[in-house]
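S.K.: Attaching a single structure in structure tokens format; questions to follow.
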Amino acid sequence: MRMLPVFLASLMLPAVAPSLSHATTPSQAASSADKLDINAATAEQLKALPGIGDAYAQKIIAGRPYRTKRDLVLKKIIPQSTYDKITDKIIAHQPKPATAPPPK
């Protein structure tokens, strides 16, 4: 009779466990939303980042689109030291593909 509570608990565990594994805190969800999209940011928004002035902002805009934020260094748009200052503040969202009109 002592095993009955353990058995019942084991039946309920799979139903509860998946919801626990996918739980996110509000700070985790907001963290990616707070990042500046380097594919869509204005020059003024880019200049608000540490180490980014007029020249780098213009280079970032001219080098678009970026597949990843790491492209800023790989394409030699900004130096590694500047990238290290802003890497946690930026993201490179991919543009949504244009939908073709339906054939007639």
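S.K.: Take segment 40-50 and flag every residue that is in a loop (DSSP other than H, G, I, E, B) and in contact with a strand residue (DSSP E or B) (Cβ under 9 Å, 6 or more places away or on another chain). Walk me through how you get there before you give the answer.
M.R.: Here is the first cut: in segment 40-50, the residues in a loop (DSSP other than H, G, I, E, B) are 40-42, 48-50.
Result: 41, 48, 49.
S.K.: Residues being within 15 Å of residue 46 (Cβ to Cβ) and not in a helix (DSSP H, G or I): count how many of those fall in segment 76-104. Steps first, answer last, please.
M.R.: Start the filter on segment 76-104 by keeping residues that are within 15 Å of residue 46 (Cβ to Cβ), which leaves 77-78, 82-83, 85-87, 89-93.
Checking which are not in a helix (DSSP H, G or I) leaves us with 77-78, 87, 89-93.
Of the residues in that region, 8 qualify.
No lab work stands behind these numbers, since they all come straight from the coordinates. Everything quoted here is computed from the prediction, not taken from an experiment. Positions of Cβ are backbone-derived with ideal geometry, glycine not excepted, and every protein chain shown enters the neighbour counts.
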